[in-house]
Amino acid sequence: DSGWSASGAYRSEDHVADVRALIDHLGVGPVDLVGYSWGALVALLVAARTPDLVRSVVLIDVEASFEQSETEITSLVRQFASITDAEAARREENPHAPDDLIALAARTGNRPAPNGRVEPKHDPYFFDHWPFRADNHWDELAALHQPTLLVHAQDSFVRQEVMARMAEAAPNALLVNLPATTHVAPVDNPSGILKLLTEFFAQP
């Protein structure tokens with residue numbers, strides 16, 4: 001429901017600037033950062049470049065670089081016939097998710113379209129561009145001296161061997177594999193994510 005960027009300012013660097021500005025505005029640093037997918041890359045950059053602002057960091061199901069270009073995107077559904085169809089699509093992507101979370105994700109992630117159908121709320125720019133695909137952040141991993149948790153979703157397209165290499169590259173990192181979980185881990189397995197975060201942040 002946030003505004004769209006008229007200039008397409010959606011690079012990871014743009015998001016990093018937003019996160020840093022928010023932390024500065026709130027005056028709450030150092031903070032614990034949790035990032036999922038593209039958000040994990042943003043969290044990685046904030047933690048690596050401004051370690052005084054970040055106490056610990058969690059990176060959920062992402063690779064530090066990509067083989068595809070930012071325009072090599074699998075065809076995405078631009079509209080659904082109904083909110084029921086949107087829910088069905090969410091269920092197919094997240095087979096383990098609680099029913100109420102599937103319904104919530106479909107209803108908050110879509111809006112009525114002018115033709116009586118429903119469509120995703122996000123900027124249509126993302127049907128054709130995923131800017132993070134241009135990123136390569138292997139070098140930044142070496143600067144993560146904070147306690148770092150990497151979470152791999154077992155049934156995701158994200159490769160566990162790549163995340164294992166990421167954990168080796170970060171000086172103070174632990175890799176955990178979350179079973180029976182697809183890529184959208186916070187939706188597909190919220191209780192599993194919550195357990196991992198609770199245990200990680202409870203450590204002295």
Subject >> Over the stretch 116-204, equivalent-ellipsoid semi-axes from the Cα gyration tensor in Å >> reply: 27, 19, 13
Original post:
For the chain, what is the accessible area per residue in Å², given a 1.4 Å probe and the full set of protein chains?
Top reply: 53
Original post:
In terms of modelled amide H atoms, which long-range or inter-chain residues lie less than 5 Å from the amide H of ALA153?
Top reply: ASP61, LEU178
Original post:
Relative to a virtual label point 7 Å from the Cα of GLU13 in the Cα→beta-carbon direction, which members of the stretch 48-69 show backbone nitrogen distances below 16 Å?
Top reply: 49-50
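Of all the accessible heavy-atom surface of the chain, with the other protein chains kept in place and a 1.4 Å probe, what percent is carbon and sulfur? Walk me through the intermediate numbers first.
Values: 5940 of 10800 Å².
That fraction is 55 percent.
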Original post:
Given the rule -39500 (n - 2.57) for each run of at least 4 DSSP H residues, summed and divided by the residues of the chain, what is its mean residue ellipticity at 222 nm, to the nearest 500 deg cm²/dmol?
Top reply: -11500 deg cm²/dmol
Original post:
If you bin every alpha carbon distance in the stretch 97-137 into 5 Å steps from zero, what whole percent lands in each bin?
Top reply: 5, 17, 17, 18, 17, 14, 9, 2, 1
Original post:
What helices in the chain pass both tests, a Cα length along the helix axis of 20 Å or more and a mean Kyte hydropathy of -1.0 or higher, using whole DSSP H runs?
Top reply: 12-26
**OP:** Using the charge dipole of the chain (Lys, Arg: +1 at Cβ; Asp, Glu: -1 at Cβ; taken about the Cα centre), state which of THR50, ASN115, GLN154 has its Cα farthest towards the positive end.
**Re:** ASN115
Original post:
Quick one: net charge of GLU161's neighbours, Cβ under 12 Å, K/R +1, D/E -1?
Top reply: 0
Original post:
What is the stretch 1-137's relative contact order, in percent, from Cα pairs under 8 angstrom and six or more apart in sequence?
Top reply: 27
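The values are calculated or read from the model by the stated rules, or taken from the named source; none is laboratory data. It should be emphasised that the depicted structure is a prediction, and the values quoted were computed from it without experimental measurement. Neighbour counts are summed over all protein chains in view; Cβ atoms, including those assigned to glycine, are modelled from backbone coordinates with ideal geometry. Surface accessibility is based on the protein's heavy atoms, side chains included, excluding ligands, DNA and RNA. Shrake-Rupley method; radii C 1.70, N 1.55, O 1.52, S 1.80 Å.
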